[in-house]
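The values are calculated or read from the model by the stated rules, or taken from the named source; none is laboratory data. Everything numeric here is computed off the predicted structure, so don't read it as measured data. Cβ atoms come from the backbone with ideal geometry, glycine included; neighbour counts cover every protein chain shown. All accessible areas refer to the heavy atoms of the entire protein, side chains included, with ligands and DNA or RNA removed. Shrake-Rupley method; radii C 1.70, N 1.55, O 1.52, S 1.80 Å.
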Amino acid sequence: MSLGPTLTTERLILRPPVHADFDGFAEMASEEDTMRFIGGVTPRDGAWRVMATLTGAWALLGYSMFSVLRRDTGEWIGRLGPWRPGGKEGGWPGDEVGWGVKRSAAGQGFAQEGAIAAIDWAFDQLGWENVIHCIDKQNAPSIALAKRLGSSVQREGVALAPPFEMHKVDLYGQSKAAWKARKR
């Protein structure tokens with residue numbers, strides 16, 4: 001039973017998380033450099049809760065982050081996609097497409113390739129009119145990716161709603177109209 005769609009790109013498969021993805025989630029959660037700006041290192045049981053939260057959001061909201069798999073090997077390399085905990089009533093600062101990939105997949109364009117597919121899907125299938133990316137000021141790789149996607153800073157120093165215990169982030173983003181015009 002699938003909770004949502006499967007998207008394919010040139011090199012990736014994006015689909016809702018399944019139990020078989022857990023080892024990948026746990027591996028990524030243990031990588032200090034990977035997790036620095038997305039909640040910090042988490043033990044296996046914490047990685048399980050993250051995966052279960054993302055999977056549960058698919059059932060509750062009809063969208064959430066996708067598991068990211070390499071098409072050539074089937075390896076789980078990260079999670080990315082639409083994110084708005086609690087939906088419109090949840091206190092999140094907007095309709096986000098976020099990303100995170102394991103250390104072994106970083107710097108190869110996978111996050112950008114997957115984010116493009118996820119943003120297209122969010123605009124076309126979810127009817128979103130804007131997309132944001134919540135990014136720490138020190139997260140240079142994510143800032144660079146947001147800019148490559150055509151996003152710019154919309155608001156600075158936004159505190160995320162509890163239980164997210166992160167310091168303030170900048171909101172990068174763009175409208176659906178700007179995204180579609182840029183893709184032409």
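Quick look at the values:
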| quantity | calculated |
| --- | --- |
| Residues located in region 25-37, provided they are of a type in the set (Asp, Glu) and open to solvent by less than 20 Å² (accessible area, probe 1.4 Å) | Glu31 |
| Region 5-38: number of residues that are within 19 Å of Ala115 (Cβ to Cβ), modelled with pLDDT of 95 or more, of a type outside the set (D, E, K, R) and not in a strand (DSSP E or B) | 8 |
| Candidates Gly107, Gly81 - the one that is under 27 Å from Gln154 (Cα atoms) and in contact with a strand residue (DSSP E or B) (Cβ under 6 Å, 6 or more places away or on another chain) | Gly81 |
| Filter result (free of Cβ contacts under 8 Å to residues at least 60 places away in the same chain, touching a helix residue (DSSP H, G or I) at 6+ places or on another chain (Cβ under 6 Å) and more than 15 Å from Leu61 (Cα to Cα)) within region 79-110 | Trp99 |
| Failed condition for Ile116, given (1) of a type in the set (Val, Ile, Thr); (2) under 15 Å from Arg79 (Cα atoms); (3) in contact with a Phe, Trp or Tyr (Cβ under 9 Å, 6 or more places away or on another chain) | (3) |
| Criterion violated by Gly46 - all others in (1) closer than 18 Å to Gln112 by Cα; (2) out of contact with any Lys or Arg (no Cβ under 9 Å at 6 or more places or on another chain) satisfied | (1) |
| Index of the failed condition, Arg148 passing every other in (1) touching a residue at least 12 places away in the same chain (Cβ under 8 Å); (2) more than 17 Å from the chain's Cα centre (by Cα) | (2) |
| Residues of region 38-55 that turn out to be closer than 27 Å to Lys168 by Cβ and open to solvent by less than 40 Å² (accessible area, probe 1.4 Å), as a count | 6 |
| Filter result for Glu113 (open to solvent by 10 Å² or more (accessible area, probe 1.4 Å), under 18 Å from Ile132 (Cα atoms) and in contact (Cβ under 8 Å) with a residue 60 or more places away in the chain) | yes |
| Index of the failed condition, Arg71 passing every other in (1) under 24 Å from Ala122 (Cβ atoms); (2) surrounded by 21 or more Cβ atoms within 10 Å (Cβ to Cβ) | (2) |
| The listed residue being among the hydroxyl-bearing types (Ser, Thr, Tyr), in contact (Cβ under 8 Å) with a residue 40 or more places away in the chain and farther than 23 Å from Asp120 by Cα, out of Thr55, Thr34 | Thr34 |
| So Lys168, is it at pLDDT 95 or above, open to solvent by 20 Å² or more (accessible area, probe 1.4 Å) and either farther than 21 Å from Thr53 by Cβ or of a type in the set (S, T, N, Q) (or both) | no |
| Residues being open to solvent by 60 Å² or more (accessible area, probe 1.4 Å), in contact with a helix residue (DSSP H, G or I) (Cβ under 9 Å, 6 or more places away or on another chain) and hydroxyl-bearing (Ser, Thr, Tyr) - total across region 3-24 | 1 |
